[in-house]
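To start, the structure under review is shown below, and the notes come after it.
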Amino acid sequence: MLRSLISTIKRYPEQALLFIYNAGIFAWLQTTSHTIMEQIGLDSSWADKIPAPLKALTGASIGAMQELLSSSAWGWLIVSMILMLIVHFVKGLIKFILTLAIILGGLYLFWQNKELLQGLV
C-alpha cells in the first residue's frame, strides 16, 4: 500500500502537491467557518459582524449564512479536485494557468477572509 502510494506520488508529483494544498485549504475553510459561526452566534448583532459581500450573497439570512459557511469548504474541495484532474490531462501553458488559478484561488480566500479572521482574535 505504501509502495503504491509513493510510486503514485513520484509519477504525479504536481497532482500530489495540489492534493496536499487543496486538503489544507479544505481544512482551513472548515475550521474557519466553524469558528466564525461560533463567534457570530444567533443574537441580534450578528449582521453587524458580517462583511457586506457576504451579506449580499446570503441576503442577511442566518440560515443562508450557515449554509454558505458549511458548504464553502466542500465546494472548494470538489471544484479544485476536478481542476486537478483536468491539469493532469492537459499540457503546457494551459496546465500552468490552471495550476496558477487553483493556487491564486486559495490565496484569494485567505485575503478575502483576513478581515473576518482578525475580528476573531
The correct ranking of Phe26, Phe89, Phe110 by accessible area at 1.4 Å, largest first, is Phe89, Phe110, Phe26
For the range 73-78, Karplus-derived ³J(HN,Hα) couplings (6.51, -1.76, 1.60; θ = phi - 60°; whole Hz; x for glycine and proline) come out as 5, 5, x, 4, 4, 5
Once amide hydrogens are built 1.01 Å from N within the peptide plane, the residues lying 5 or more places from Asn113 or on another chain with amide H under 5 Å from its amide H are none
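The values are calculated or read from the model by the stated rules, or taken from the named source; none is laboratory data. Source: prediction; values computed, not measured. Ligands, DNA and RNA are stripped out before the accessible areas are found, and what is left, the full protein with its side chains, is counted by its heavy atoms. Shrake-Rupley method; radii C 1.70, N 1.55, O 1.52, S 1.80 Å.
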